[in-house]
Amino acid sequence: MKVTFSGFYGMSNTGDDCFCKIAEWGAKHYWNADTSYFFSKKIPQLSPSSKPILKQLPHHRLGFINKFLADNHFKKNNHLVFAGGSIFHGKEWWEMDYAKQNLDRFKLKVGAIGVSVGPFDSVNHEKKVIEFMKNMSFISVRDQKSYDIVKSYNLDLPCINSFDLAALLPRVEPCTTSDGNSSEVTIGLALCSFNAKSAQAHHDNQSRLELLASAINRLNILRNNQLKTKLFVFHGHEAQGDLATNKMLANLLDPSVKYEICHYHRDPMDMWHQIGSCDAVLSFRLHGAIYSFMAQVPFLLAEVHEKATNFLDDINWSDQLRVGDFEVSTDELVDRIELMLQPHDFTQDVERCILKAEKNFTEAVFD
């Protein structure tokens with residue numbers, strides 16, 4: 001079997017890169033796929049048997065070449081799977097539009113794994129998603145709210161209540177974790193900037209960063225300057241990535257606080273091991289939290305988007321480790337971090353999520 005995966009790939013984003021890694025691994029492990037193709041111009045560091053089907057072209061007017069490449073590909077490979085992320089919200093991108101226009105032409109067999117459905121900006125956007133789903137063989141969603149939405153449509157297709165693809169990271173490769181014996185404590189920070197279009201932020205980015213820096217500076221004093229921070233650049237895009245936000249945070253830290261900027265890496269497993277080496281993580285990014293949870297590292301996640309809240313609800317995350325959009329004082333945040341640094345065991349919850357995530361592959365059936 002040869003399968004083609006589609007999603008928001010090639011954007012130098014660790015979360016989306018992880019979807020590619022898990023899709024490649026899952027297709028081989030569960031579906032016996034000898035080759036995985038990606039409906040993209042660029043893919044992260046994967047095995048030699050994974051290939052993008054499009055090319056990065058110097059001029060937009062040469063876009064017809066990618067259409068030709070896609071046509072030639074789907075004449076021979078008609079299994080298309082949308083893999084990972086907030087894909088079904090009614091706003092189309094080139095690959096989604098192409099799939100819609102060529103469903104009948106190439107007799108495409110379409111499925112989806114590890115995706116979210118919604119939120120929708122309009123009734124029209126929701127109707128477009130429903131119409132597209134009518135042509136699908138199956139859809140496997142990553143959160144309970146998406147499952148409830150799809151089931152409410154009463155469509156004639158299997159809807160699988162699974163989990164985020166990143167939950168299979170421990171199956172792909174065991175994580176390098178902190179031994180917990182060092183006197184030095186490592187706090188990871190997965191930062192990004194929020195705006196009104198992408199999130200329901202309760203305060204601006206600067207005040208959020210000032211809160212985090214204040215808490216870290218105070219915690220460093222309480223721990224006799226035995227604190228280290230790792231600043232994770234999940235999104236490596238030059239203009240839209242996380243580096244600028246991380247540098248802003250670094251400038252707010254007291255000189256006595258040791259820090260390291262962990263830059264974006266094309267291999268999504270690099271970030272997996274970096275996260276696992278932390279004792280606790282403060283995350284603005286959903287996949288900063290998911291990586292942490294699967295590595296059994298306690299975390300706090302900014303709930304500025306409903307997908308963050310959905311994730312915390314689905315894993316039954318303790319209220320003691322929830323802070324909304326970091327809507328706490330410096331003292332309260334220090335207390336939460338100290339609570340995270342106490343012994344925790346998430347083994348049962350993590351294994352439950354792994355088994356749910358496996359359903360993306362084990363219960364996916366093309367008609």
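In this label model, Lys51 and Thr176 are separated by 3.3 nm, measuring between points 7 Å along each Cα→Cβ vector.
Against the longest principal axis of the chain, how steep is helix 330-340, in degrees 0 to 90 to the nearest 10, with axes from Cα atoms? The answer is roughly 70 degrees.
Per residue, how many Å² of accessible area does the chain show with a 1.4 Å probe? Please list the in-between numbers first.
Details: 16300 Å² over 367 residues.
Result: 44 Å² per residue.
Ranked by the mean number of other Cβ atoms within 10 Å of their residues, highest first, the peptides 123-134, 291-302, 29-40 come out as 291-302, 29-40, 123-134.
Taking Cβ atoms as reference points and 13 Å as the exclusive limit, the residues near Ala213 contribute a net charge of +1, counting Lys and Arg as +1 and Asp and Glu as -1. Net charge dipole, the range 1-94: roughly 320 debye, given to the nearest 20, about the Cα centre with Cβ charges of +1 for Lys and Arg and -1 for Asp and Glu.
Each stretch of four or more DSSP H residues adds -39500 (n - 2.57); spread over every residue of the chain, this sum gives -12000 deg cm²/dmol at 222 nm.
Within the accessible area of the chain, what % is carbon and sulfur when the probe is 1.4 Å and the other protein chains stay in place? Show your work: numbers first, answer last.
Values: 7650 of 16300 Å².
That fraction is 47 percent.
Once the other residues with Cβ under 12 Å from the Cβ of Ser47 are scored (Lys, Arg +1; Asp, Glu -1), what is the net sum? Within the 12 Å Cβ shell, the charges total 0. Normalising the average separation of contacting C-alpha pairs (under 8 angstrom, six or more residues apart) by the number of residues puts the relative contact order of the range 228-343 at 19 percent.
Amide hydrogen proximity for Ser86: with H placed 1.01 Å from N in the peptide plane, the residues at 5 or more positions away or on another chain lying under 5 Å are Ser116. Can you compute the FRET efficiency between Val365 and Lys91 using 1/(1 + (r/R0)^6), with r the Cβ-Cβ distance and R0 = 25 Å? Round to the nearest 0.05. Working from the Cβ atoms, E equals 0.35.
As I understand it, the value is the acute angle between the Cα axis of helix 63-74 and the longest principal axis of the Cα atoms of the chain; what does it come to in degrees, rounded to 10? Approximately 70 degrees, to the nearest 10. For Ser140, the residues whose amide H sits under 5 Å from its own are Ala112, Ile113, Gly114, Val115, Ile160, ignoring neighbours fewer than 5 places away on the same chain, with H placed 1.01 Å from N. Rounded to the nearest 10 degrees, the inclination of helix 347-362 to the longest alpha-carbon principal axis of the chain is 10 degrees. Using C-alpha pairs under 8 Å with a sequence gap of at least 6, the mean separation divided by the residue count of the chain gives a relative contact order of 18 percent. As a rough guide to protection, the peptides 162-173, 145-156, 264-275 ranked by mean Cβ packing within 10 Å, highest first, stand as 162-173, 264-275, 145-156. Rg and Dmax of the range 276-367, both derived from C-alpha coordinates alone, stand at 14.5, 56 Å.
Cα-based Rg of the chain per 2.2 N^0.38 Å, rounded to two decimals? Let's see the in-between values first.
On the way: Rg = 20.9 Å, N = 367, 2.2 N^0.38 = 20.7 Å.
Dividing the Cα Rg of the chain by 2.2 N^0.38 Å gives 1.01.
Gain on full extension, evaluated as 0.36 nm per residue between Lys100 and Gln226 minus their Cα-Cα distance, stands at 39.8 nm. Residue ranges 89-99, 184-194 sort as 184-194, 89-99 when ordered by packing (mean number of other C-beta atoms within 10 Å per residue, highest first).
The values are calculated or read from the model by the stated rules, or taken from the named source; none is laboratory data. Model, not experiment: these values are computed from the prediction. Virtual Cβ from ideal backbone geometry, glycine too; neighbours counted across all protein chains shown. All accessible areas refer to the heavy atoms of the entire protein, side chains included, with ligands and DNA or RNA removed. Shrake-Rupley method; radii C 1.70, N 1.55, O 1.52, S 1.80 Å.
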